[in-house]
Amino acid sequence: MRIDVVTIFPEYLAPLELSLAGRAREKGLVDIRVHDLRGWTHDRHRTVDDTPYGGGAGMVMKPEPWGEAFDELLAEGPATVVFTTPSGRPFTQAVARDLATRERIVFACGRYEGIDQRVVDEVATRAEVCEVSLGDYVLNGGEVAALAITEAVVRLLPGFMGNAASLVEESHEDGLLEYPVFTKPASWRGHDVPPVLLSGDHAAIAAWRHDQAVRRTAQRRPDLVAASTLMDDVEIGPAE
Ligand code: ADE
């Protein structure tokens, strides 16, 4: 997979060199290129923003540098373009799985009050476009969202995870939050590991984990419960 990120703060994407995405890079699974939007400006001040038509607070990102950026990047081949914006569709594990099937993603990181809407509309005439939000809160810009999305997508690429089973069992993969996990020692500061996990009874352990996942999801994310098909016949009480 190839990932391009267009931003006015290329240094913000430095963590991509580290950790998960860095490992995928070393393995040759992903080719990540970060671009400074100001490289597509032509004035002395390298201007990327202007006041909004219609008035109001803040500044809007000008269309011209973005247009030139996409001319150059899309000339190198087709891509799915992700605009990171608080007014996008919510980013979920399902969106991550979908994006992980793409050959190439170009992230456009907005700043200020956002990017002139005509950029999104014009790019949509020549590429697959999605506007994605990290969540219902406002960041200073889309860079952190691009980082988070990249990490969630890259770890799904075939060949990335040593243990594919750990992908299947984690939170959100089955529509539920993950059950609580424990390691040694069996007793720590007066808190004991649930005995069933020490029983060696694999069926009982699987049933306990499913029950815990359901309880946790019902308590913390009732919005997910309605969507889950795995809640049949389970009575929701307090998590143990
Ligand atoms: N830019 C600013 N806030 C954002 C958010 N919540 N998600 C994606 N991009 C953003």
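Hey, what number do you get for the chain at 222 nm if only DSSP H runs of n ≥ 4 count, each worth -39500 (n - 2.57), divided across all residues, to the nearest 500? Please report the intermediate quantities before stating the final value.
Working: 8 runs with 78 residues, N = 240.
So the helix-based figure for the chain works out to -9500 deg cm²/dmol.
Express the relative contact order of the chain as a whole percentage, based on alpha carbon pairs under 8 Å and six or more residues apart in sequence. Working shown, then result.
Working: 336 pairs, mean separation 45.0, N = 240.
Result for the chain is 19 percent.
What is the spin-label model distance, in nm, from ALA207 to PHE182 if the labels are put 7 Å beyond Cα along the C-beta direction?
My value for the distance between the label points is 1.8 nm.
Give the order of SER87, SER133 when sorted by the count of other beta carbons within 10 angstrom, beginning with the fewest.
Details: SER87 9, SER133 19.
Ranked by crowding around the Cβ, least crowded first: SER87, SER133.
Please compute the net charge surrounding ALA124, taking Lys and Arg as +1 and Asp and Glu as -1 over other residues with Cβ under 11 Å from its Cβ.
Working: positive: ARG118, ARG126; negative: ASP121, GLU122, GLU128, GLU131.
Computed value for this residue: -2.
Could you check which residue among GLY55, GLY175, GLY190 shows the biggest mean-square fluctuation in a GNM of the chain with a 10 Å Cα cutoff?
Result: GLY190 has the largest fluctuation of those listed.
Evaluate the distance, in nm, between pseudo-label points positioned 7 Å from the Cα of MET59 and of ARG2 along their respective Cα→Cβ axes.
It works out to 3.1 nm between the two label points.
What does the net charge come to around GLU170 if you take all other residues with beta carbon closer than 15 Å to its beta carbon, with K and R at +1 and D and E at -1?
Details: positive: ARG97, ARG155, ARG209, ARG216, ARG221; negative: GLU151, GLU169, GLU173, ASP174, GLU178.
My count for the surroundings of GLU170 gives 0.
Sort out for me the Cα centre separation of segment 107-153 from segment 165-219, rounded to whole Å.
Comparing the Cα centres of segment 107-153 and segment 165-219, I get a distance of 36 Å.
Which is the longest run of the chain containing none of the trypsin sites (Lys or Arg not before Pro) found in DSSP loop states (not H, G, I, E, B) with at most 13 other C-beta atoms within 10 Å? Write out the running numbers ahead of the final one.
Numbers: sites that count: LYS27, ARG44, ARG126, ARG189.
Answer - 45-125.
Taking 0.36 nm per intervening residue step and subtracting the Cα-Cα distance, what contour gain separates GLN117 from VAL193 on full extension?
On the way: separation 76, 0.36 × 76 = 27.36 nm, distance 5.36 nm.
The span from GLN117 to VAL193 would gain 22.0 nm if fully extended.
What does the charge count near GLU11 come to, summing +1 for each Lys or Arg and -1 for each Asp or Glu among other residues with Cβ under 15 Å from its Cβ? List each step's numbers first, then the result.
Working: positive: ARG33, ARG38, ARG111; negative: GLU17, ASP36, GLU143.
Local net charge: 0.
Based on the Cβ-Cβ distance of TYR137 and GLU103, what FRET efficiency does E = 1/(1 + (r/R0)^6) give at R0 = 35 Å, to the nearest 0.05?
Values: r = 31 Å, r/R0 = 0.89.
Computed FRET efficiency for TYR137 and GLU103 comes out at 0.65.
Taking the chain as a Gaussian network, where each spring joins two C-alpha atoms under 10 Å apart, which residue of VAL132, VAL154, VAL119 fluctuates the most?
Fluctuation is largest for VAL119.
Simple spin-label model, 7 Å along Cα-to-Cβ: ALA14 to GLU169 in nm?
Label at ALA14, label at GLU169, 3.7 nm between them.
None of the figures in this text is laboratory data; all of them are computed from the coordinates on show. A quick note: this is a predicted structure, and the numbers were derived from the prediction, not measured. Cβ sites come from the backbone with ideal geometry, for glycine too, and all protein chains shown count toward neighbours.
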